[in-house]
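Colleague: Sharing a structure here in structure tokens format.
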């Protein structure tokens with residue numbers, strides 16, 4: 001099969017399209033003929049040599065999310081049959097013509113979506129759903145606060161919040177990205193840093209924020225504490241702004257806050273399956289039209305490039321000028 005291979009740690013130029021051995025599905029796996037895959041920051045870090053693949057996953061083929069059709073099934077598979085359309089998260093290897101998914105980690109593609117749109121869903125929307133709903137407990141009538149709201153996970157989070165009946169506040173250094181977040185459900189837009197967002201949220205949101213989603217980490221996490229309501233939850237997903245924060249622990253105690261760190265890639269398979277099943281049951285239907293009602297959630301795709309142009313796709317992600325996902329078409 002064709003695959004994008006990291007030939008050595010380095011820049012986008014180290015990526016090459018090569019013929020490699022086909023993967024073999026296990027007894028409970030589906031073999032997916034990949035039609036599209038999407039890029040993430042983790043792919044960039046892996047290419048640079050800073051984010052190794054989990055044990056048992058090919059270390060030289062990047063890609064964490066995909067969509068395609070089932071090409072073969074293991075002997076114990078019952079959820080899917082050859083020809084079914086699926087999407088999902090993998091530990092690596094999505095940037096190839098074939099990939100393996102455990103049948104209970106595979107998620108059916110919402111009706112009416114193209115392969116490239118479906119590939120833009122798993123990482124952003126599963127991460128956001130797991131963080132703000134399953135771990136943060138966001139509910140109708142509450143406020144969500146998101147830094148880097150124009151990112152893939154950020155745009156997914158504000159859409160899910162709106163679908164739940166919650167409201168959202170978010171920040172970005174780019175006013176244009178915030179304008180494009182408005183139709184997705186962003187209620188309070190703040191141009192600037194996490195500190196700027198937290199100050200506005202504290203000043204304008206009454207009782208405070210129920211769930212804060214930090215996609216960049218760093219010192220701004222401390223600023224979020226002041227904007228939280230009592231018994232609120234801060235969920236830490238990314239560390240692009242740094243790995244250290246000087247937290248005001250007196251306020252954390254006084255407000256009885258929960259601070260949760262989360263990552264999907266390295267979780268045990270049982271936990272990944274639980275998230276995938278909850279996502280398919282509760283979130284996938286929101287991507288589908290029901291009668292005359294349009295879908296309530298929409299994947300956000302910035303650019304679609306062929307797999308052969310993966311180096312250019314990596315460059316786009318690194319430039320941080322995109323709004324939504326960069327997707328690779330494997331057709």
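The values are calculated or read from the model by the stated rules, or taken from the named source; none is laboratory data. Please read all numbers here as calculations on a predicted model, not as lab measurements. A quick note on method: Cβ atoms are made from the backbone with ideal geometry, for glycine too, and the neighbour counts reach across all protein chains shown.
Colleague: So which residues in the range 156-173 are touching a strand residue (DSSP E or B) at 6+ places or on another chain (Cβ under 8 Å) and crowded, with 24+ Cβ neighbours inside 10 Å?
Modeller: Applying the first criterion (touching a strand residue (DSSP E or B) at 6+ places or on another chain (Cβ under 8 Å)) to the range 156-173 yields 157-158, 161-162, 166-173.
Matches in the range 156-173: 157, 158, 161, 168, 169, 170, 171, 172.
Colleague: A further question follows. Would you tally the residues in the range 95-131 being outside any loop (DSSP other than H, G, I, E, B) and either without any contact (Cβ under 8 Å) to a residue 12 or more places away in the chain or farther than 21 Å from residue 236 by Cα (or both)? Walk me through it before giving the result.
Modeller: Taking the range 95-131 first, the residues outside any loop (DSSP other than H, G, I, E, B) are 96, 98-102, 107-108, 115-119, 122-131.
With the extra rule that they be either without any contact (Cβ under 8 Å) to a residue 12 or more places away in the chain or farther than 21 Å from residue 236 by Cα (or both), the set shrinks to 96, 98-102, 107-108, 115-119.
Of the residues in that region, 13 qualify.
Colleague: With the condition kept exactly as written, say whether any residue in the range 281-301 is assigned to a strand (DSSP E or B), touching a strand residue (DSSP E or B) at 6+ places or on another chain (Cβ under 8 Å) and in the same structural domain as residue 85 (by TED's automatic domain parsing).
Modeller: Within the range 281-301, the subset assigned to a strand (DSSP E or B) is 290, 293, 301.
Okay, now just the ones that are also touching a strand residue (DSSP E or B) at 6+ places or on another chain (Cβ under 8 Å), so 301.
Now narrow it down to the ones that are in the same structural domain as residue 85 (by TED's automatic domain parsing): 301.
Yes, some residue in the range 281-301 is assigned to a strand (DSSP E or B), touching a strand residue (DSSP E or B) at 6+ places or on another chain (Cβ under 8 Å) and in the same structural domain as residue 85 (by TED's automatic domain parsing).
Colleague: Still on this structure: Sort through 153, 146, 86, 126 and tell me the only one that's out of contact with any strand residue (DSSP E or B) (no Cβ under 7 Å at 6 or more places or on another chain) and either assigned by TED's automatic domain parsing to the domain that holds residue 284 or within 29 Å of residue 218 (Cβ to Cβ) (or both). I'd like the intermediate steps shown before the answer.
Modeller: Numbers: 146 fails: out of contact with any strand residue (DSSP E or B) (no Cβ under 7 Å at 6 or more places or on another chain); 86 fails: out of contact with any strand residue (DSSP E or B) (no Cβ under 7 Å at 6 or more places or on another chain); 126 fails: out of contact with any strand residue (DSSP E or B) (no Cβ under 7 Å at 6 or more places or on another chain).
Within the list 153, 146, 86, 126, the selection yields 153.
Colleague: So, of the residues in the range 206-222 that are touching a helix residue (DSSP H, G or I) at 6+ places or on another chain (Cβ under 8 Å) and within 14 Å of residue 255 (Cβ to Cβ), which turns out to be surrounded by the most Cβ atoms within 10 Å (Cβ to Cβ)?
Modeller: 212
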